[in-house]
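Visitor: Mind having a look at this structure? Questions to follow.
The values are calculated or read from the model by the stated rules, or taken from the named source; none is laboratory data. Quantities reported herein were computed from a predicted structural model and do not represent experimental measurements. Cβ placement follows ideal geometry from the backbone for every residue including glycine, while neighbour counts extend to all protein chains displayed.
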Amino acid sequence: MTSPLLREFSSAPMVDAASKDAVQARVDDILRPAGATSRLDEVAVWLAGWQHTTVPQVAKPAAVIFAADHGVVAEGVSAYPAEVTKAMLAAFEASKASVSALAAVAGATVTAVDVGVGNPTGNIRFEPALNQRRFDECFAIGRSTVAALDTDLLIIGEMGIGNTTAAAAVSAAILGAEASPFVGRGTGVSDEAMRNKAAVVADAVARIAEQTDPLEILREVGGAELAAMAGALFEARMQSIPVLLDGYIATSPALVLHAIDPDFIANCWAGHESAEPGHQLVLSHLDRSPLLTLDMRLGEASGAMAAVPLVKMACALVTNVPTFTEWFGDSPAGGHD
């Protein structure tokens with residue numbers, strides 16, 4: 001699938017440099033000391049470029065959460081049973097999950113998509129997570145879900161007991177690194193379970209040691225929801241929708257796309273940095289600085305959702321505040337000091 005994606009990507013819209021430059025010029029003359037809100041100003045400039053407007057805004061933020069079960073749970077890698085995934089899917093659908101509470105404050109919608117609850121992947125320690133047909137189906141579901149959305153800021157999240165194991169395996173395999181630094185406690189496993197989890201990830205990575213195709217790595221040691229998230233991220237890029245990356249599991253598909261072509265995720269900003277050590281390693285490789293660092297490890301798009309109000313504020317800071325020129329008629333000497 002890598003070659004078809006690259007061919008399709010050749011027609012992808014590029015960032016609107018003129019809009020970025022116009023918003024940056026406004027930032028340079030804004031009615032406050034130069035650099036006083038620099039990180040937020042950078043976010044607004046980034047958003048303007050992908051929204052193709054000189055008036056960036058977040059009026060229709062949306063989160064999509066893909067849920068699926070993992071066969072690797074049989075290896076004892078999680079503190080919770082696989083049945084929790086089904087229960088959480090019901091909570092998303094009833095708007096009773098933690099991300100639902102955050103979304104209500106952020107003014108965002110949440111859509112949950114079942115891509116494999118009750119239909120677990122293969123145990124990645126010994127076999128591919130997905131066959132080619134199912135991988136393609138999940139990737140396509142991710143794309144079609146985003147294509148049907150009306151949003152100006154997208155968050156892509158997940159739910160799947162066992163999926164920090166899959167994220168660790170994908171990340172280590174993509175980066176050609178030892179597995180253990182990419183393995184964290186996930187749902188809060190014990191020290192003994194943590195050692196077992198590291199061994200499982202190491203075995204999964206060793207099983208595909210000769211594989212170099214990023215999408216094949218995702219198919220082999222990822223999961224149904226990870227494949228769907230990869231499709232969703234690709235479609236967002238094809239539609240020039242700005243994306244806030246969530247935690248470790250949601251960022252690992254971005255790492256896969258980045259390995260194919262870094263421009264595949266040029267429209268992505270890191271919403272937060274989770275407590276998972278592997279997430280920190282992946283964000284460093286992607287050169288993405290997170291908006292928030294709150295040691296969250298909930299998943300379900302929650303960390304990035306918590307950053308949505310900040311992005312809204314970033315827009316307000318460049319659209320609702322006059323420039324020195326607008327306020328005084330001419331920029332006074334020393335006005336930015």
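Visitor: Need at least 3 residues that are more than 27 Å from L218 (Cβ to Cβ), touching a residue at least 60 places away in the same chain (Cβ under 8 Å) and in contact with a Lys or Arg (Cβ under 9 Å, 6 or more places away or on another chain) per element, so show me which helices (runs of 4 or more DSSP H) inside region 231-337 make the cut, counting only ones lying wholly within it. Steps first, please.
Guide: Details: elements: 248-260, 277-286, 302-319, 324-328.
Result: 302-319.
Visitor: Of the residues D136, D114, D150, which single one is within 26 Å of M296 (Cα to Cα), in contact (Cβ under 8 Å) with a residue 40 or more places away in the chain and among the charged types (D, E, K, R)?
Guide: D114
Visitor: While we're here: Among the residues of region 8-21, are any touching a Ser or Thr at 6+ places or on another chain (Cβ under 7 Å) and either hydroxyl-bearing (S, T, Y) or part of a helix (DSSP H, G or I) (or both)? Explain how you work it out, then say what you get.
Guide: Step one: of region 8-21, the residues touching a Ser or Thr at 6+ places or on another chain (Cβ under 7 Å) are 13, 19.
Subsequent filtering for residues that are either hydroxyl-bearing (S, T, Y) or part of a helix (DSSP H, G or I) (or both) retains 19.
Yes, there is a match, as at least one residue in region 8-21 is touching a Ser or Thr at 6+ places or on another chain (Cβ under 7 Å) and either hydroxyl-bearing (S, T, Y) or part of a helix (DSSP H, G or I) (or both).
Visitor: Follow-up question, since we're still on this one. Residue check: is A193 within 16 Å of E75 (Cα to Cα), over 21 Å from the mean Cα position of the chain (by Cα), modelled with pLDDT of 95 or more and surrounded by fewer than 24 Cβ atoms within 10 Å (Cβ to Cβ)? Working first, answer last.
Guide: Working: within 16 Å of E75 (Cα to Cα): yes; over 21 Å from the mean Cα position of the chain (by Cα): yes; modelled with pLDDT of 95 or more: no; surrounded by fewer than 24 Cβ atoms within 10 Å (Cβ to Cβ): yes.
So A193 fails the test.
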